1. What accessible area per residue comes out for the chain, rounded to a whole number of Å², with a 1.4 Å probe?
2. Taking a probe of 1.4 angstrom, what is the accessible area of R104 in Å², to the nearest 10?
3. Over the chain, what is the relative contact order in percent, taking alpha-carbon pairs closer than 8 angstrom and at least six residues apart?
4. Calculated from DSSP H runs of 4 or more alone, at -39500 (n - 2.57) each and per residue, what is the 222 nm mean residue ellipticity of the chain, nearest 500?
5. For volume of the Cα convex hull per residue in Å³, the listed values are (i) 133; (ii) 270; (iii) 117; which was obtained by calculation from the structure presented?
6. Carbon and sulfur: what percent of the chain's accessible surface (1.4 Å probe)?
Amino acid sequence: IEILKPSINESFSKFTVVNDKIRFAISSIKNVGETAVEDIIKERERNGKYKSFIDFCERQSSDTVNKKCVESLIKAGCFDEIETEYTRFDLLDNFEKIIDGVVRTRKNNYINQMNFFGEIAGNDDRIKIEKSERVPSQRELLDMEKEMLGMYLTGHPLDEYKELIEKNSNVSTIDLN
């Protein structure tokens, strides 16, 4: 049975069956508490799927979905489906700045400060994800999955050696599939 990696838009608190596959549960990700999972799912059900990582950050409360939780969601691959132009390293290098910008915007909007042009101060459309200098290797992605999920989902560290192992193995019972 294929196990699908966790998705910020498709996963629930518990493991679910989707087209004869198992979707990984958000609550099984390291550092993601049950209250955070409930808030993520309630917000998604109330206002629709998350459109982007920034959309997710803007729609979450920093009280329950804290920075450690967001970092773990990124490492687990929860945003891979909605942020196809950005790598996990792009998100990891920017998430604290984005969350701080969202919190600052909320505070400024809350006290309703107006700037010279009559716009809400802090309502900053310039919050952007910048490309990271780092490009994750397949091994680094697998290591992040193992750290956050306790298992490899999108591959295995020995996959790159599959042909070599099969070629040099004299045991007929090896099955690396």
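The values are calculated or read from the model by the stated rules, or taken from the named source; none is laboratory data. In this text the structure is predicted, and so the values were computed from the model without any measurement. Calculation scope for accessible area: heavy atoms of the full protein, side chains included, ligands and nucleic acids excluded. Shrake-Rupley method; radii C 1.70, N 1.55, O 1.52, S 1.80 Å.
1. Working: 11040 Å² over 177 residues.
Accessible area per residue: 62 Å².
2. Using a 1.4 Å probe on the heavy atoms, I get roughly 140 Å².
3. Numbers: 209 pairs, mean separation 33.3, N = 177.
Relative contact order, the chain: 19 percent.
4. Numbers: 6 runs with 73 residues, N = 177.
Per the formula, -13000 deg cm²/dmol.
5. (i)
6. Values: 5370 of 11040 Å².
Its accessible area is 49 percent carbon and sulfur atoms.
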